Amino acid sequence: MSSSASHSCCGHSPAATTPTGVLRQEHEVILRALTVLERVGRDLSQGKAVPAETIASLANFFRTFADRCHHAKEEAHLFPALVEHGIPNEGGPIGVMLQEHEEGRALVRTFAAGDPATAISAIRRFVLLLREHIAKENDVLFPMSDQVLPPAEQAAMMSKFDQAEMEIAGPEVHRQLLAELERLEIATHK
């Protein structure tokens with residue numbers, strides 16, 4: 001499968017030619033899901049009924065797309081390459097990103113547990129955390145990556161990203177997740 005074919009199944013356009021380009025496109029999909037989650041949190045805080053399957057579906061999206069696919073690429077491939085090129089982990093930007101990934105995982109577990117009292121605050125914190133996290137990556141870490149990683153290393157990383165996608169989820173899982181996200185966007189748009 002060609003690079004552009006595999007990326008197009010995952011919500012990426014074939015135009016993504018760098019690892020950070022792929023990750024930025026995934027950020028756009030994650031931001032869409034955050035908008036839906038924010039609507040759900042607002043509805044819960046206003047005492048409106050939210051179907052349990054809506055929250056479960058969103059938790060599944062963040063666990064699968066954002067964490068197992070997106071964060072896995074960063075943690076297994078991008079971050080180690082940056083450390084090799086002198087970007088600090090401990091006390092540096094990579095350490096902060098890793099800590100925020102862990103905090104996000106804990107917040108997803110909390111809102112997925114189904115207790116409305118804790119879900120509302122976990123949703124609010126998760127939405128804020130991920131929006132700020134994405135901004136830091138897009139505005140600081142990714143430009144840094146583009147500068148320090150040589151083109152040949154970036155090309156090799158693109159292949160690793162493709163392989164990771166196929167091992168972790170594959171095109172059908174991504175198609176299902178994107179279709180479910182579109183359904184939730186329509187269902188929660190009021």
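In the chain, helical runs assigned H by DSSP with n ≥ 4 each contribute -39500 (n - 2.57); averaged across all residues and rounded to the nearest 500, the mean residue ellipticity at 222 nm is -23000 deg cm²/dmol. Prolate is the label for region 17-188, because the ratio a/c of its alpha-carbon gyration tensor axes (a ≥ b ≥ c) is 1.5 or higher and a/b is greater than b/c. Our estimate of slack between HIS85 and ALA106, defined as 0.36 nm per intervening residue step minus the Cα-Cα distance, is 4.5 nm.
Contact order, relative form, for region 17-188: 37 percent (alpha carbon pairs under 8 Å, 6 or more residues apart, mean separation divided by residue count).
With +1 on each Lys and Arg Cβ and -1 on each Asp and Glu Cβ, how big is the dipole of the chain about its Cα centre, in debye rounded to the nearest 20?
680
Spin-label model, GLU53/ILE186: points 7 Å from Cα along the beta carbon direction are separated by 1.5 nm. Whole-Hz Karplus values for region 130-146 come out as 5, 5, 5, 4, 4, 4, 4, 5, 4, 8, 10, 5, 5, x, 4, 4, 4 Hz, taken residue by residue from phi with 6.51 cos²θ - 1.76 cosθ + 1.60 and θ = phi - 60°; glycine and proline positions read x. Toward the positive end of the charge dipole of the chain, about the Cα centre and with charges on Cβ (Lys, Arg +1; Asp, Glu -1), which of THR54, ALA72, VAL83 goes farthest? The one lying farthest along the dipole's positive direction is THR54. Projecting the Cα atoms of VAL96, PHE161, LEU149 onto the dipole axis of region 82-162, where Lys and Arg carry +1 and Asp and Glu carry -1 at the beta carbon, places VAL96 farthest toward the positive end.
Quick note: the coordinates plus some simple rules give every number you see, no bench work behind them. These figures come from a predicted structure and were not determined experimentally. Backbone-built Cβ (ideal geometry, glycine too); neighbour counts: all protein chains shown.
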